[in-house]
Amino acid sequence: MRSFSGSTYRFDPGALCLELLTTGGPGEFHRFETLHAPGDLAAWAERSRLTPTPVLAVSDAEVTDARALRDALFRAATARALGDPADPADIATVNAAAAHAPLAPALGPGGTRSWSGTADGTALLATVARDAVDLLTGPFARRVRVCSAGDCALVYVDTSRPGRRRWCSMEHCGNRNKVRTLRARRSEER
């Protein structure tokens with residue numbers, strides 16, 4: 001990820017579906033939009049945890065569908081993290097995407113993983129939506145979190161052993177909080 005200051009930091013949201021949320025979002029997060037053309041969705045898939053990266057044939061309509069799914073996931077995952085009910089329209093969007101055939105894994109030559117059939121944007125989005133269904137209904141559903149930094153809305157799965165992760169990344173938001181806390185403490189000491 002790249003911060004406001006331009007520095008890069010590592011962010012692992014812990015789930016494929018939450019990786020899609022880093023491409024923009026609804027409302028104020030629209031300014032971070034990165035899904036403009038079919039190549040943008042394919043580039044996201046290449047950076048995602050899908051291995052190997054499927055060779056995708058993506059249409060403009062599928063990019064529009066990806067943005068709609070991403071925005072619905074953003075709202076539904078944030079609602080889950082805050083303990084609020086998800087909007088039925090967002091649930092319907094996720095379920096509609098999950099109803100399509102997902103990417104189909106295959107055993108490749110030499111025991112490697114590959115993808116069978118034609119991989120298109122709809123299959124990619126079905127795979128992402130099914131991952132969301134698994135996450136939001138599975139054992140880690142209660143561990144979906146929103147970064148505690150006031151100016152960060154990244155959503156992640158808290159896979160830490162005690163389940164007390166507060167920051168999207170200790171390198172970024174966690175470090176900024178530590179610096180603020182230290183400065184406040186020093187200011188009080190003076």
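The values are calculated or read from the model by the stated rules, or taken from the named source; none is laboratory data. Computed from a predicted structure; not experimentally measured. In this analysis, Cβ positions are derived from the backbone assuming ideal geometry, glycine residues included, and neighbour counts consider all displayed protein chains. The accessibility values were calculated without ligands, DNA or RNA, using every heavy atom of the protein model including side chains. Shrake-Rupley method; radii C 1.70, N 1.55, O 1.52, S 1.80 Å.
Report yes if some residue within the range 102-122 is touching a residue at least 24 places away in the same chain (Cβ under 8 Å), of a type in the set (A, V, I, L, M) and surrounded by fewer than 20 Cβ atoms within 10 Å (Cβ to Cβ); otherwise report no. Within the range 102-122 (the criterion being touching a residue at least 24 places away in the same chain (Cβ under 8 Å), of a type in the set (A, V, I, L, M) and surrounded by fewer than 20 Cβ atoms within 10 Å (Cβ to Cβ)), the answer is no, since none of the residues qualifies.
Taken together, the residues in the range 28-83 that are open to solvent by less than 40 Å² (accessible area, probe 1.4 Å), basic (Lys, Arg) and not in a helix (DSSP H, G or I) amount to 0.
When each of GLY163, GLY174 is tested for being in a helix (DSSP H, G or I) and either more than 17 Å from the chain's Cα centre (by Cα) or at pLDDT below 75 (or both), the lone residue that passes is GLY174.
For the range 105-113, check the following and say yes or no: at least one residue is in a helix (DSSP H, G or I), farther than 26 Å from ARG143 by Cα and touching a His at 6+ places or on another chain (Cβ under 6 Å). Among the residues of the range 105-113, not one is in a helix (DSSP H, G or I), farther than 26 Å from ARG143 by Cα and touching a His at 6+ places or on another chain (Cβ under 6 Å), which makes the answer no.
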